[in-house]
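In what follows, a single structure is set out as structure tokens and then discussed.
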Amino acid sequence: MELSEDELIGAVRKVLSGAGADVVVGIGDDAAVVASGSGDTVLAADMSVEGVHFDRSLAPARDVGAKTLTVNVSDLAAMGASPRHALVSLALGDGVDAAWVIELFGGMREVADEHAMSIVGGDLSRGDGVVISIAVTGEVVPGRAVTRSGARVGDAVVVTGSLGAAAGGLALSRSPAAAEHAGTGWAKELERAHLRPVARVGEGQTIAAAGATAMIDVSDGLGIDLSRLCVASGVGARVELGTLPVAEALVDSEDALGIDARELALRGGEDYELVATLPEAAIDAAGAELRERFGTRLSRIGVVIEEKLVAVDADGTERPLDVGGWDHFAG
Ligand SMILES: [Mg+2]
């Protein structure tokens, strides 16, 4: 590292300058001071570890920064909350230069600006590799945060956007034939989905207002995240596999990558779409609002039942839903 810690913090402060109006004391003091809104405060934290969540040789620093903040914002979105503030703590190995760190914060700044949130502080330390730990706050109308635990038998299960593209992008980055496909339409889309996922903030608020009984973001895979929602709610779900919104670019990549698009849509992680349960009567209006306001599709993929996770194939065959998904604790 060619800069001292104080010099690096100074450079980072420049990248993050101009905090929002609700920031009373920003970066540089012992702690930040922010004005509380009138809603409930929602808190979340998530970290990205080099070698586990990202590879510095494959992902540009700007993308790593943007994605790490997006992952945190997605957890706020899954509560129906509006993002407010973030604290960023960073451990850096010897091989990391100041330019990489500045780019990292540049990517975070892009995402923070997109959601009108402010990065108000954090910490910097030496470490063995890069570890990025972020804590975020958001705000929601008092009593209106949507948890995982309110799903009721008979509710419809819905999902935003499309599934599997991020896992396809990861598969592409690891494919020996990656260079051969670079530049094709589907390859660009999969790469973007993997490196630059988008948090469904407006969509989460819309689905919450439409009467969502439970909601979760798809971080580890549709199957496993839906199973978490069901366990928290004490219910089961029947998922119609033919209705899963499989990402088009993923379907286009099937032959080239040798993957099963529907399988990746069900099991792949890191799409950061939202899965929610809603009364059947609320779906059409919620779907129309998502399409009009955000250009995002809302797909009905199943129904909440009393117990067990069941997958229904296109031909009507039922079987237990295998919830395999990404597990960062697995080897
Ligand atoms: Mg989550």
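We did not get these values from a lab; they are worked out from the coordinates using the rules stated. Computed from a predicted structure; not experimentally measured. Cβ sites come from the backbone with ideal geometry, for glycine too, and all protein chains shown count toward neighbours.
Quick notes
- Out of D40, D63, D75, sole residue that is more than 22 Å from L195 (Cβ to Cβ) and among the acidic types (D, E): D40
Residues checked against (1) of a type in the set (G, A, S); (2) within 16 Å of the ligand (Cβ to nearest atom); (3) touching a Gly at 6+ places or on another chain (Cβ under 7 Å):
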residue: K67; (1), (2), (3): no, yes, no
residue: A81; (1), (2), (3): yes, yes, yes
residue: I134; (1), (2), (3): no, yes, no
residue: V157; (1), (2), (3): no, no, yes
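- Filtered residue count, segment 189-224, keeping only those that are free of Cβ contacts under 8 Å to residues at least 60 places away in the same chain and away from the ligand (no atom under 16 Å from the Cβ): 2
Conditions tested, residue by residue: (1) among the hydrophobic types (A, V, I, L, M, F, W, C); (2) in a loop (DSSP other than H, G, I, E, B).
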site	(1), (2)
V239	yes, no
G242	no, no
V251	yes, no
E270	no, yes
V275	yes, no
A311	yes, no
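- Filter pass, D55 being away from the ligand (no atom under 16 Å from the Cβ) and either of a type in the set (S, T, N, Q) or surrounded by fewer than 19 Cβ atoms within 10 Å (Cβ to Cβ) (or both): yes
- Residue in segment 62-77 that is farther than 28 Å from A214 by Cβ, more than 14 Å from the chain's Cα centre (by Cα) and crowded, with 16+ Cβ neighbours inside 10 Å present: yes
- Filter result for S118 (surrounded by fewer than 21 Cβ atoms within 10 Å (Cβ to Cβ) and over 28 Å from A214 (Cβ atoms)): no
- Residue match in segment 135-142 (condition: of a type outside the set (G, A, S), farther than 30 Å from A209 by Cβ and outside any strand (DSSP E or B)): no
- Residue match in segment 65-86 (condition: among the small types (G, A, S) and farther than 26 Å from G269 by Cα): no
- Top-ranked residue in segment 35-52 [being exposed (fewer than 14 other Cβ atoms within 10 Å of the Cβ) and closer than 24 Å to R174 by Cα; ranked as farthest from the ligand (Cβ to nearest atom)]: G51
- Scanning segment 234-271 for residues that are within 15 Å of the ligand (Cβ to nearest atom) and either farther than 21 Å from A178 by Cα or in contact with a Leu (Cβ under 7 Å, 6 or more places away or on another chain) (or both) yields a single hit, D271.
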